[in-house]
1. So, in segment 140-156, of the ones that are touching a helix residue (DSSP H, G or I) at 6+ places or on another chain (Cβ under 7 Å) and assigned to a strand (DSSP E or B), which residue ends up farthest from the ligand (Cβ to nearest atom)?
2. Among the residues that make up segment 105-113, is at least one of them over 19 Å from the mean Cα position of the chain (by Cα) and assigned to a loop (DSSP other than H, G, I, E, B)?
3. When both residues are 6+ apart or on different chains and their Cβ atoms are under 8 Å apart, which pairs have a first residue that lies in segment 49-68 and is outside any loop (DSSP other than H, G, I, E, B), and a second that is charged (D, E, K, R)?
4. Among the residues in segment 157-177, are any buried (at least 19 other Cβ atoms within 10 Å of the Cβ), away from the ligand (no atom under 16 Å from the Cβ) and polar (S, T, N, Q)?
5. What is the residue count in segment 193-234 for residues that are assigned to a helix (DSSP H, G or I), within 11 Å of the ligand (Cβ to nearest atom) and either of a type in the set (A, V, I, L, M) or farther than 19 Å from residue 144 by Cα (or both)?
6. Test residue 122 against the criterion of being within 16 Å of the ligand (Cβ to nearest atom) and part of a strand (DSSP E or B), and give yes or no.
7. When residues of segment 125-139 are filtered for being of a type in the set (D, E, K, R), within 9 Å of the ligand (Cβ to nearest atom) and modelled with pLDDT under 95, how many remain?
Amino acid sequence: MDKFARQNPMDWMGKVGQAQPAVMNAIAAHGISLPIKRNSMNEGFPQCKLPATATIEVWMIDLDRPLNPEANLDGILSIEERNRAERYLYPKDASRFMLCRAMLRLGLAWYLETTPQKIALATNRHGKPCIAECSALNFNVSHSGGLGVIAFTTAGEVGIDVEAIRCDVGAVEIASAHFTRTEAAMIAAAATPQEQASAFLHLWTRKEAVLKAAGCGLLGGLDGVDVSQEPLDQVRLYSATGDRAESFWRVQDLEQIEGFAGAVAAPTGNWSVLQRPVRYEDAIHGSLGRIFGVE
Ligand SMILES: CC(C)(COP(=O)(O)OP(=O)(O)OC[C@H]1O[C@@H](n2cnc3c(N)ncnc32)[C@H](O)[C@@H]1OP(=O)(O)O)[C@@H](O)C(=O)NCCC(=O)NCCS
């Protein structure tokens, strides 16, 4: 059972299941960027290639693309991460997790000019990962089926979400129970069940991106944020539990990825999103500078 099939959003810990054949084509369609200016200041990591303050760099990763047999993901991951991979019931889920986490470590190492093994990850009390000794570089991860996305930025706390688009999500029922009234009405008004599901998943990813940026995840309450009114420059997240102040976020849909809905959220401001496909080989063999246009 996946998270959309569960009635209680607090229990939605499962994942959308199957590999998407469109992933490889969809992410391959994105091009190469122009040079951008990088930040160079960060305590603890004096030499680094941090994204410019006004940029969120989004890596799109095909998690089902076969790797060269010599690829050594084990050597990149921590003991805890290797143990976690062993606990997955299905080998496919384990290998998707390992590749996505290895890419996260390779990305952090590239931006901070260190080695992936030296990155110490910590989590907040709701499980949001961060870098233990670095406050300047923020990141967030999402995966759905065979697609993984990672957002890296110095624009502040960031949240990202992707979901494979499918029709059996119970769009109208879940929206009427857990979304705001405006959002639920918008979904109910869509002409066909397919359009309802698509509208639902687009709103869902916007909401989850905000809740992940704020660090609370779905515990923050799906109805605590309304993402139906564009522009999404000043989206308010109400404090559902009273343990934090209300906050404001800017939300942006990801550039179209065939078969998926996706969104990213970060503090209000003039940041822009640079969205690129990245392969394991790019991260290992030093092609990241070309992909992200480092001067
Ligand atoms: C965390 C949560 C948002 C994940 O949602 P999802 O759609 O199933 O998964 P996604 O693929 O979008 O995101 C998963 C990634 O989000 C990140 N993440 C985990 N907790 C997070 C949080 N509270 N806020 C932001 N990001 C979080 C992790 O990097 C995770 O990647 P990993 O599985 O490789 O470690 C959802 O499960 C949730 O809100 N749970 C409630 C919080 C909770 O109960 N935490 C338990 C630990 S205290």
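1. 152
2. Yes, the conditions are met somewhere in segment 105-113.
3. The qualifying pairs are 57/276; 58/276; 59/276; 60/276; 61/279; 62/279.
4. no
5. Result for segment 193-234: 8.
6. yes
7. 1
Let's see how each residue does on (1) out of contact with any helix residue (DSSP H, G or I) (no Cβ under 7 Å at 6 or more places or on another chain); (2) crowded, with 19+ Cβ neighbours inside 10 Å:
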site: 196; (1), (2): no, yes
site: 199; (1), (2): no, yes
site: 203; (1), (2): no, yes
site: 212; (1), (2): yes, yes
site: 223; (1), (2): no, no
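The values are calculated or read from the model by the stated rules, or taken from the named source; none is laboratory data. Worth saying up front: this structure is predicted, and the values here are computed from it rather than measured. Cβ sites come from the backbone with ideal geometry, for glycine too, and all protein chains shown count toward neighbours.
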